[in-house]
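To start, the structure under review is shown below, and the notes come after it.
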Amino acid sequence: MRAMFFTIIFPRKDVGIKPEDVGINTKIKKLTLTRILKLLDSLREENFSVASFAKEQGTSLRTVERDIELLRVHGLIALEGARKKGNYKLTKKGHKNLEKLSAKKRK
C-alpha cells in the first residue's frame, strides 16, 4: 500500500498590505509589519540592541530574532562584522524601502 500525502490550504484574511510596500513577498500580519518597520527604523541607530528593542516592543527576544532573520533573508539588512560582535545595517534595498514607506506615511 502506498502512502498518500496531501496539502490543506486555509485562506488568510487580507490585511491590505502589498508585498511591494515592504519588499517582502510574504503576507505579514499588521502588528508584525508595524514591529518590523520600527525595527528597520531602529537599525539606523548605532547603539541598537536586540534585547532593549524586544523589551521596548513587549515581545520576546526570539520574536525580534525571527524578524531580523526575515529582513536579512529578503536583503533589507546585512550583518557587518563578526557574528557575535557585528551589527546589522540597512542595505541599499532596505534604505530604499524605508524611504518609500516614510514618503507614503507623509501623504
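Coordinate-derived values only; no laboratory data. From a predicted model like this one, the values you see are computed outputs, not experimental measurements. Quick reminder, even Gly has a Cβ in these numbers, built from the backbone with ideal geometry, and neighbours come from all protein chains shown.
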Log entry, pairs with first residue in the stretch 37-56 being touching a residue at least 12 places away in the same chain (Cβ under 8 Å), second being acidic (D, E) and part of a helix (DSSP H, G or I), beta carbons closer than 9 Å, six or more apart or on different chains, reads K38/E56; L39/D67; V50/E65
Surrounded by 15 or more Cβ atoms within 10 Å (Cβ to Cβ) and either part of a helix (DSSP H, G or I) or not hydroxyl-bearing (S, T, Y) (or both): which single residue out of G75, G94 fits that description?
G94
Of the conditions (1) touching a residue at least 24 places away in the same chain (Cβ under 8 Å); (2) outside any strand (DSSP E or B); (3) within 19 Å of R44 (Cβ to Cβ), T59 clears all except one; give me its number.
(3)
Evaluation of L70 against (1) over 16 Å from R44 (Cβ atoms); (2) among the hydrophobic types (A, V, I, L, M, F, W, C); (3) outside any helix (DSSP H, G or I) (one fails), failing number
(3)
Of the residues in the stretch 78-91 that are assigned to a strand (DSSP E or B) and of a type outside the set (F, W, Y), the one that is surrounded by the most Cβ atoms within 10 Å (Cβ to Cβ) is L90
